[in-house]
Every structure is written in C-alpha cells, then in structure tokens.
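Take a look at the structure set out below.
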Amino acid sequence: MDNLSVDHLTGIEHLTKRDIEIIFETADSFKEVINRPIKKVPSLRDITIANLFFENSTRTRLSFELAEKRLSADVVNFSAASSSVKKGETLVDTVNNILSMKVDMVVMRHPNPGAAKFLSERVNARVINAGDGTHEHPTQALLDSYSIRERLGTVEGKKVVIVGDILHSRVALSNIYALQKQGAEVMVCGPTTLIPKYIHKLGIKVSHNLKEALEWCDVANMLRIQLERQDIKYFPSLREYTMLFGLDKKMLDELDKEIVVMHPGPINRGVEITSDVADSKQSIILNQVENGVAVRMAIIYLLASKIER
C-alpha cells in the first residue's frame, strides 16, 4: 500500500489527489470491518491518541473516538472547557503535558484558524485537524467526497453545489479543495452577505438563486446557518433565509432529474432543509455518518504508520 505524502492532516489544501485515493481505498476495507459482527481490528493496539476539543463537538468527537476504538488504540479525551486552559495555560504547554504521558497522535478541534498546523510544527506527535475555526475541517470533506463516490461511483466530473453559510463554514472550504482535487465542478449558493469575498479566487461558480443551483447540480450539500459564529446579523430573519435558501421536497420533485442531498450535520430541520428531504431516499446524510467512522479509521491508520518508534 502507498504511503500518504503528509505526516499530519492539517487541511485538504496540503493533500494530493493520490493521497485522497489512498485514504478512500483504505476506508473501503475498514467499512467492511465495521459491518462485521466483531467490529474491531488490533491494528493500533500500541498507539495512544489524545482527543483535544477546545470547542464543543458531539458528532465529530464521537466519530473519532469510535474510529480509534475500532482500531484498538488507547484513547484519552480532553475537554478544554474544564481544563487548565481556562487558567491561562498555552496551547503548546497543554499539549506537551499530554505528550509527556507518551501520546502518539493528537486529534484537535480549536477555535483559531491554523491552530492544528501551528501545533504540528511544535510537538512530536501526529496531528489531525478536527476543525480549526472557520478555516478547514478536512475529515468532514473527505467523508463527504467518499459518500458521493459511494453513491455516484466517482467524484470526477460531478457538479456539486454547497448551499448556505459559506462565510463561517470550515466544511465549505475543505469541501471545495477536496472536490476540485478530484475533478468535480463546484458552485456555492447563498445570500451575498454569507459568501466570502475571496471565493472567486478559488475558481468556482457562485449563485444566489437556489432553484438555479439545484437545476445545475448532481449533488447539493446543505450547510446549517452558524448563528454561534455570527457576531452581526447577515440576513433579516431565519424565516426569510428559509424561504430563499431552504430545501423542501416540492423543490426536489420539480427538478427534471434526481439529485443527491447531503448535510454535514447537525441539521436545523425546517431551516436549511425540511424533514421530508432529510429522510428521503435522495438523502445520504446517514451514510455520511457511517462513512465518517471508516474514513477517520483510514486517516488514523495511515498516519500511525508514520509514527517513529
């Protein structure tokens, strides 16, 4: 099996197309494992992984923890909300204290963009970025692409629209990088106030009309409105946002083709997507959750092979 070209997963930006293929091929074999009666493999029995979450997270943390345990790694969970970080300890000090306990790999979510890369240059452990501010969320983008590949056979040549709060979303940027590296066409769609100004530099299409975007795409990835990251009002009301950019079953049924609907979660049902869409056969939202474990197992396994013993 080929090796990854990177020693850490700090962002999709640093991966090659071949890296993505290696991760997906490895995830294929792990997907088989997690569907067996005994869902564990002893691959990482001698590896210790610390999950450092400086921001609240349920799904991503659980998905990583499950992936680590399926690989038989030892797992240490660290929640910054109840830690010495509140007492003024620096990020490097926190991590070095944890590494002195002989931890081999760190999975980190942090509110500051670039935190994972900063850490990877300063500590002697493999680092996986589980989301850094509004910058990147590489494992989410990989599981999204993996889910498209599973449903449509390939990502190459597919048209994918990312709808919603692009400005505050780390998922959007990672997805754009991942999809482009695999030869997909990408469009973003949302209110003008939620589309960042730099977006045109990434060579993607921009639309402010959801119907037009849906008619263009093969896959619609619906993002939630990140109210917790918004320090000012970017649109008049959630109701108005839903009227213009919310996806319902009627809109899907009016299209002259069947598109695939995705959502990175958590879903605000009735805001960006209605329940009958989320639960429809066109939705691959639950597949994304299942694939998240297999893809994260693949990434952890591939990076663990680079740990110096």
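The values are calculated or read from the model by the stated rules, or taken from the named source; none is laboratory data. Only a predicted model underlies this, so the values are computations on that prediction, with no experimental measurement involved. As a convention, Cβ positions derive from the backbone with ideal geometry for all residues, glycine included, and neighbour counts pool all protein chains shown.
Only residues that are in contact with a strand residue (DSSP E or B) (Cβ under 6 Å, 6 or more places away or on another chain) and closer than 20 Å to T242 by Cα were counted in the stretch 165-187, giving 3.
A Cβ distance below 6 Å, combined with a sequence gap of six or more or placement on separate chains, defines the contacts here; from the stretch 38-49, residues that are surrounded by fewer than 17 Cβ atoms within 10 Å (Cβ to Cβ) reach residues that are part of a loop (DSSP other than H, G, I, E, B) in the pairs K40/S72; P42/S72; R45/S72. Return the residue satisfying two criteria in turn: it lies in the stretch 295-309 and is β-branched (V, I, T) and under 20 Å from the mean Cα position of the chain (by Cα), and of such residues it is surrounded by the most Cβ atoms within 10 Å (Cβ to Cβ). Among them, the one singled out is V295. Return a yes/no flag: does the stretch 269-292 have any residue that is within 16 Å of G164 (Cα to Cα), among the hydroxyl-bearing types (S, T, Y) and modelled with pLDDT under 95. No - not one qualifying residue is present in the stretch 269-292. Selection of strands (runs of 3 or more DSSP E) fully inside the stretch 42-144 by the criterion of at least 1 residues being under 17 Å from the mean Cα position of the chain (by Cα), under 24 Å from I162 (Cβ atoms) and of a type in the set (K, R) returns 105-110. Here is the figure for the stretch 259-299: residues that are touching a residue at least 24 places away in the same chain (Cβ under 8 Å), in contact with a strand residue (DSSP E or B) (Cβ under 7 Å, 6 or more places away or on another chain) and not polar (S, T, N, Q) total 12. Residues in the stretch 253-269 that are within 25 Å of N56 (Cβ to Cβ) and in contact with an Asp or Glu (Cβ under 9 Å, 6 or more places away or on another chain): M262, H263, P264. Residues that are modelled with pLDDT under 95 and more than 19 Å from the chain's Cα centre (by Cα) within the stretch 10-40 comprise E32, V33, I34, N35, R36, P37, I38, K39, K40, listed in sequence order. Just a yes or no: is a residue in the stretch 25-34 under 23 Å from R149 (Cα atoms), outside any loop (DSSP other than H, G, I, E, B) and aromatic (F, W, Y)? Yes, the stretch 25-34 has at least one match.
Each row is one residue, and each column tells you yes or no for (1) modelled with pLDDT of 90 or more; (2) buried (at least 21 other Cβ atoms within 10 Å of the Cβ).
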position: E55; (1), (2): no, no
position: L62; (1), (2): yes, no
position: S72; (1), (2): yes, no
position: L91; (1), (2): no, no
position: N96; (1), (2): no, no
position: H110; (1), (2): yes, yes
position: A115; (1), (2): yes, yes
position: V123; (1), (2): no, no
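Applying the set (1) among the small types (G, A, S); (2) at pLDDT 95 or above; (3) more than 18 Å from the chain's Cα centre (by Cα) to A220 leaves exactly one unmet item: (3). Only residues that are surrounded by fewer than 19 Cβ atoms within 10 Å (Cβ to Cβ) and under 26 Å from A27 (Cβ atoms) were counted across the stretch 267-281, and they come to 4.
Among the candidates V127, V161, which residue alone is crowded, with 20+ Cβ neighbours inside 10 Å and closer than 18 Å to M222 by Cβ? Working first, answer last.
Working: V127 fails: closer than 18 Å to M222 by Cβ.
On inspection, the qualifying residue turns out to be V161.
You will find that of T193, T134, the residue that is at pLDDT below 95, in contact with a Phe, Trp or Tyr (Cβ under 8 Å, 6 or more places away or on another chain) and over 20 Å from W216 (Cβ atoms) is T193 and no other. Scanning the stretch 145-162 for residues that are within 15 Å of the chain's Cα centre (by Cα) and in a helix (DSSP H, G or I) yields S145, Y146, S147, I148. When residues in the stretch 180-201 are screened for being surrounded by 14 or more Cβ atoms within 10 Å (Cβ to Cβ) and within 24 Å of T154 (Cα to Cα), 9 of them pass. Applying the condition of being touching a residue at least 12 places away in the same chain (Cβ under 8 Å) and part of a helix (DSSP H, G or I) to the stretch 240-258 and asking which residue is surrounded by the most Cβ atoms within 10 Å (Cβ to Cβ) yields F245.
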